[in-house]
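Visitor: Starting off with a structure, shown below.
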Amino acid sequence: MTVFSDPLAANLAMIGTMFFGLAAFAVYRYFLGKDKEEVNQSFSYFLLGTGFYALIYGLFYSMLWPEPEGGSYSILFGDPLALFGLATLLAGAIIIKKGSLSFAGFFGFFAGIYSIVSGYEGYLLKMTQSPIAMFLLYLGAGVSGILVLPLVLTKNKWIAVLTAIVLVLTGIVAFVIGIPAVGEHLSGFAHAP
């Protein structure tokens, strides 16, 4: 008997939560200019916790997704999630050490490009029940990652607003996909042998 859990719905809820938190931080720190130590420290723990969650599940999908579905779904769901988790952990650690977020910005930039390419290819192959929603999620995550680089380098408040808007819209897409998936996944596993 193969034991397998499908935490995709919970992961989408976590990703949505991460995007909303990142949007709030971008507005608070870069638009409102409130670069306060206690806020940075508190937010760093949010980044570390959610980043660890994303990294673990990204690696889980990348390495352990069972066949025959594994393979391409491991690449589509696991690799971008692992990169996103790693970028988030990196940002959290940099904030704790009071370093420059420039390196995390560069990492986010290239992870963002990877996310867009992954989402586009998954869309072309129609790998999910809603390929357009999946592509919008990956596109939003990718554009957010790309925008982080000019945000941390220039500290421009309008780039912060644009980044926050993209993050919020992407968080909404994650919840729109993830919430209905809860019932679908529960019913699917409720009748599994």
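Visitor: Once you keep just the Cα pairs under 8 angstrom separated by 6 or more residues, what percentage relative contact order results for the chain?
Guide: Computed over the chain, the figure is 30 percent.
Visitor: Which residues in the stretch 143-166 place their backbone N less than 11 Å from a point set 7 Å from the Cα of D35 along the Cα-to-Cβ direction?
Guide: Counting backbone N atoms under 11 Å from the label point, the list is 152-156.
Visitor: Rounded to the nearest 10 degrees, what's the angle between the helix 8-26 long axis and the longest principal axis of the chain, both from Cα atoms, 0 to 90?
Guide: Helix 8-26 sits at roughly 10 degrees to that axis.
Visitor: Keeping to pairs on different chains or 8 or more places apart, tell me how many lysine pairs in the chain have Cα atoms under 30 Å apart.
Guide: Counting lysine pairs in the chain gives 12.
Visitor: Further question on the same structure: Please give the helix 157-190 orientation as an angle from the longest Cα principal axis of the chain, in degrees from 0 to 90, rounded to the nearest 10.
Guide: The angle comes out at about 20 degrees.
Visitor: If we count other beta carbons within 10 Å of each Cβ, what is the order of I179, I146, I172, fewest first?
Guide: Final ranking by Cβ density, sparse to dense: I179, I172, I146.
Visitor: Another question, then. Would you mind classifying the stretch 1-136 by shape? Square roots of the alpha carbon gyration tensor eigenvalues, ordered a ≥ b ≥ c; an a/c under 1.5 is rounded, otherwise it is prolate if a/b is larger than b/c and oblate if not.
Guide: prolate
Visitor: Add +1 for every Lys or Arg and -1 for every Asp or Glu among the other residues with Cβ under 15 Å from the Cβ of Y28, and state the total.
Guide: +2
Visitor: While we're on this one: What ranking do Y120, Y28, Y138 get, fewest neighbouring Cβ atoms within 10 angstrom at the top?
Guide: So the residues, fewest neighbours to most, are Y120, Y28, Y138.
Visitor: Please list the equivalent ellipsoid semi-axes of the stretch 59-193, computed as the square roots of five times the alpha-carbon gyration tensor eigenvalues, in descending order and whole angstrom.
Guide: 30, 17, 14
Visitor: Can I ask one more? Spin-label point model (7 Å from Cα, Cβ direction): what's the F175 to V117 distance in nm?
Guide: For the pair F175/V117, the computed spacing is 3.2 nm.
Visitor: Still on this structure, please answer the following. Sorting check: for 128-137, 9-18, which peptide has the highest mean count of neighbouring beta carbons within 10 Å, and how do the rest follow?
Guide: Going by the mean number of other Cβ atoms within 10 Å, highest first, we get 9-18, 128-137.
Visitor: Relative to the first principal axis of the alpha-carbon coordinates of the chain, what is the inclination of helix 37-64, with its axis defined by its Cα atoms, in degrees from 0 to 90 and to the nearest 10?
Guide: Helix 37-64 and the main axis of the chain meet at about 30 degrees.
Quick note: the coordinates plus some simple rules give every number you see, no bench work behind them. None of these values were measured; they are calculated from a predicted model. Neighbour counts are summed over all protein chains in view; Cβ atoms, including those assigned to glycine, are modelled from backbone coordinates with ideal geometry.
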